[in-house]
Amino acid sequence: MNMVSNKKRIKNLLSFFHSTGMNDFNEKVMKVLLFGCGVFSILITVGIIISLFSEAIAFFARPEVNLFTFFTGTTWRPLSSNIVPENFGVRPLIRGTLMIAIMSGAIAIPLGLGSAIYLSEYASDRVRNIIKPLLEILAGIPTVVYGYFALSFITPLLKTVLEENLGIDVNFFNALSASIVVGVMIIPMVASISEDAMRAVPRSLREGAYALGATKFEVSTKIVVPAALSGIIAAFILGISRAIGETMAVSIAAGSTPRMTMNPLDSVQTMTSFIVQVSFGDAPSGSINGQSIFAVGATLFAMTFIMNIISQTFIKRFREAYD
Amino acid sequence: MENKSVILAPIYKDNLRNRKIIGKIFNILLLISVLAGLFMLTVLLVDIAIEGVPWLRPELFTNYHSRKPENAGMKSAIVGSFIVISLTGIISFPVGVGAAIYLEEYARKNRFTDFINLNINNLAGVPSIVYGMLGLVVFGRMFGLFSKDSWLVQTFSLPVQSGMVNGLVFNLFGIPWLEIHLPFGRSMLAGALTMSLLILPVVIIASRESIRAVPPSIREAGYAMGTTKWYVTRTLVLPIALPGILTGMILALSRAIGETAPLIIMGAFTYVPFLPNSIWDQFTAMPIQIYNWITLPQEDYRIHLAAAGIIVLLLFLFILNGIAVYLRNKFQVKW
Amino acid sequence: MEANILPSVKTQNEEIILSTKNASFFYHDKTAVKNVTLNIKKNKITSFIGPSGCGKSTLLRSFNRMNDLIPGASVEGDVYYKDQNLYKSSIDPVKIRQQVGMVFQKPNPFPKSIYENIAFGPKINQFQGNMDELVESCLMKAALWDEVKDKLNESAYALSGGQQQRLCIARALAVFPDVLLMDEPASALDPIATLRIEDLMNDLKEEYTIVVVTHNMQQASRVSDYTAFMSIDRDRIDERIGVLVEYDETIKIFTNPKNKETEDYITGRFG
């Protein structure tokens, strides 16, 4: 009891010097301000949803378009003078987007996972400290630079290899070239999230496997990767989601031809590159084109949002397993 | 159970040699995947250097875009990027750090806080082009509230203009230099606000890590003196966390300086033959100028001038990153 | 080093399976254990006791080259398994670990089913026999079968700490080792689970050689046939270099130690 009252007395004495009254006021004001900053992020999400969907709803409310044909139609010709629902089918844009996302995933997932296993299981600390920052440079290079690289280097290379030597037609704007640079761009993201997950796997599991006579390969692929699997899957999903939302490289390299093609050497248009195309055309805010980018943007947002939520649950599950 | 030991005789293949070979092959594959990324990085940088270095001329910094490639420069884009990024820093720093302080020091661990965390992680994954659309509606157009036929303008008969400047222009408190434009339109302020929202999740996450790294004993020492939370945060926690916060901030800005899509959606111009006078002026930025050159048909723009512009942009990026790394190394305290 | 004497016990009828000759162990520049020479006998339980930080685990982990996994670890002198010099360059640690198994301080089952935990070792070695029978017999040997036979496909993490440790023992048995190294196998367990592990060690002695590191002197005296007492080199106390002080039959170490330091330790005067 004595201890407590002593402590209290000292506390009172000290808080006298810190002018209690002013502090209490400051404390309350700051608490409100900081809380405001904390919840501001929620306002951003609400703002995104309201701004995208209010315009998208205005778009769908027009007699010239139709929600059903928007999602099922296979013709995207919004700039045509013939404004009919049949010209507002978003599937070619989704097709183009997914094509590039899948092809760039096919590049980034194996290379990113391989890099992650190397960095987490094989590389010495010294090598890791050199390679990791170098890989992160790849993630820090602006996407417009990747677009330039695709157009000025990858596409001519594809033309030389495929067109001149093998006689396969390569469009100047093509999905493959864009996919290659987008794939390279997301390697560091896939690698770093996967590596974090693998490094969170306890050492004791690796030792347990080594003690059974497992080789490094077996420990990496049969123990560490399965144990980190939900984190690795989250990395894959986030990588693909990033590829879906990638804008500049695909606008520059993949062209602006919305079409239902499966040929990676054709020009395609993605959701993002359509939005850029219209924004450059300076469509007036109330026009059908000005509104159509919000319908496409809302679709894009919904796709990436769902993927992000899924990857968050994978990451959460992973954290719970090893914390 | 005796019979079991009969089955237990080790029926193993002598497979160690094969397993070792598989391990070697795997090791090589891993090395290839690491080197593939680094190889692409090298090729990219070399390609840009080859195409761009011969075109790195003073005109690039002193001239505006021109019809003649040899005269074309990116003066307005450099200045535009510089101002927009500075504004972005000024806007996002207090909000981002405030949110980080709230989440690390004040927020209780409950479902609401979990929700904020989930939300921030999600925002970090929203494509930048979506932020552009948000900025366009909220800052650029302000939901059309200041257009001629909006209910707001009609009800209060606001004196809106149309033409070069759209919407409402007035001086706050009648002070001449406190000019306000509503909506923000295609101004630098609108661009900077949009960029601020874009980098906010990154700023919050980096600031939180830095604040979290301050050992609890420091706070306890402060509380033991009977001071308030804000006092402890301001005088003890923030000074220690500040270098880390600044590092994260600069890295976020270096991401913003290369962002193109949101500014294009916001309506940043590709051709701005003057330097801005105020935050209400229209602007262009380095990546937009580069994008513009890439899309021109002439090879001098598309290949050479674009590469030279990229080199300038990358130089700015490396300087920013260099400052961040310097800050981190200089002030990093190990506990 | 006067302290590092060879055990005085007679060795005529007892086969030596593990031994070290003037073995020293280093982490980077730091000497962890210096000049250890000892012989470990087949089908006996040998315990390593001593104060913490004296290198018991380091010495134990040298017998299946687990120290290799720690960056900067190195060895001087010789460590033998049967007649092979373990640290000779032609020796593959992977092969050694298959013959010299290990159980760790904290149970470390893989995040897989109980069945898959046991089957992991045999699978990588391309076991050709009947896997179900192998899993069953290993779990029986580890005295776990009756508790888990109905939930072989459930996660190993659902087991209690003591069960997990016995699962790890069963997992080690499944690759047919000769020797089991146990690094404080019961230190994370409650007393009842500890007793079960000790009983199990006694049963396993018939077929395996067991070397166990323990902090618990009662445990050493209860389970082991031989005891090695390790301590810090008193001449260079600041460097914390581990040395072998005395190695003998457990009964002699605990009733009639030759060394004053051993006596002080087992009577609880230091450590």
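The values are calculated or read from the model by the stated rules, or taken from the named source; none is laboratory data. In this text the structure is predicted, and so the values were computed from the model without any measurement. When we count neighbours, we look across all protein chains shown, and the Cβ atoms used for this are built from the backbone with ideal geometry, even at glycine. Calculation scope for accessible area: heavy atoms of the full protein, side chains included, ligands and nucleic acids excluded. Shrake-Rupley method; radii C 1.70, N 1.55, O 1.52, S 1.80 Å.
The loop-placed chymotrypsin sites (Phe, Trp or Tyr not before Pro) in the range B:124-221, going by DSSP, that have at most 10 neighbouring Cβ atoms within 10 Å of their Cβ come out as B:TRP177.
Just the number please: accessible area per residue for the protein assembly as shown, 1.4 Å probe, all protein chains included, in Å².
Details: 40920 Å² over 929 residues.
Here the residues of the protein assembly as shown average 44 Å² of exposed surface.
The GNM of chain B, with springs linking C-alpha atoms under 10 angstrom apart, assigns the highest mean-square fluctuation among B:SER162, B:SER196, B:SER81 to B:SER162. For the chain pair A and B, the buried solvent-accessible surface (1.4 Å probe, both sides summed) amounts to about 7000 Å². Relative to the longest principal axis of the Cα atoms of chain A, the long axis of helix A:271-281 makes an angle of roughly 70 degrees. Largest GNM mean-square fluctuation across B:ILE28, B:ILE175, B:ILE120, computed for chain B with C-alpha springs under 10 Å, falls on B:ILE28. Residue order by solvent-accessible surface for C:LYS95, C:LYS141, B:LYS109 is B:LYS109, C:LYS95, C:LYS141, largest first, with ligands and nucleic acids left out and a 1.4 Å probe.
Helices in chain B that qualify as membrane-span-like (whole DSSP H runs, Cα extent of at least 24 Å along the helix axis, mean Kyte-Doolittle hydropathy of -0.5 or higher) are B:16-52, B:75-101, B:188-212, B:238-258, B:306-331.
Sequence-distant contacts, meaning Cα pairs under 8 Å at least 6 residues apart, place the relative contact order of chain B at 25 percent. Computed with a 1.4 Å probe on the full set of protein chains, the accessible area for B:TRP230 sits at about 40 Å².
The slack in the chain from A:THR257 to A:LYS132, taken as 0.36 nm per residue of separation less the alpha-carbon distance, amounts to 41.2 nm.
Restriction of the GluC sites (Glu not before Pro) in the range A:64-167 to DSSP coil positions whose beta-carbon has at most 16 other beta-carbons within 10 angstrom yields A:GLU64.
Ranked by solvent-accessible area (1.4 Å probe, protein heavy atoms only, all chains present), the residues C:LYS30, A:LYS132 order from largest to smallest as C:LYS30, A:LYS132.
How much mean residue ellipticity at 222 nm does chain A get from its helices, if each DSSP H run of length 4 or more adds -39500 (n - 2.57) and you divide by all residues, to the nearest 500 deg cm²/dmol? Display every interim value, and only then the final one.
Values: 13 runs with 219 residues, N = 323.
Result for chain A: -22500 deg cm²/dmol, rounded to the nearest 500.
Relative to the longest principal axis of the Cα atoms of chain A, helix A:175-199 runs at roughly 20 degrees. Using heavy atoms of the protein chains and a probe of 1.4 Å, the accessible area assigned to A:MET303 is about 50 Å².
For C:ARG166, B:ARG186, A:ARG319, write out the residues from largest to smallest accessible area, computed with a 1.4 angstrom probe and no ligands counted. List each step's numbers first, then the result.
Values: C:ARG166 15, B:ARG186 80, A:ARG319 145 Å².
Sorted descending by solvent-accessible area, the residues read A:ARG319, B:ARG186, C:ARG166.
Build a GNM of chain A with springs between Cα atoms under 10 Å apart, and of A:SER292, A:SER80, A:SER51 the one that fluctuates most is A:SER80. Helix C:191-204 sits at what angle to the longest principal axis of chain C, using alpha carbons and giving 0 to 90 degrees rounded to 10? Helix C:191-204 sits at roughly 90 degrees to that axis. Pairs C:LYS56/C:LYS260; C:LYS41/C:LYS106; A:LYS132/C:LYS34; C:LYS88/C:LYS141; C:LYS123/C:LYS205; A:LYS216/C:LYS82: which are spaced more than 31 Å apart, C-alpha to C-alpha? Pairs exceeding 31 Å: A:LYS132/C:LYS34; C:LYS88/C:LYS141. A:SER194 sits with roughly 0 Å² accessible to a 1.4 Å probe, with DNA, RNA and ligands left out of the calculation.
Leaving out ligands, DNA and RNA, what percent of the accessible area of the protein assembly as shown is carbon and sulfur, probe 1.4 Å? Before the final figure, lay out the partial values.
Details: 24630 of 40920 Å².
Of the solvent-accessible surface of the protein assembly as shown, carbon and sulfur hold 60 percent.
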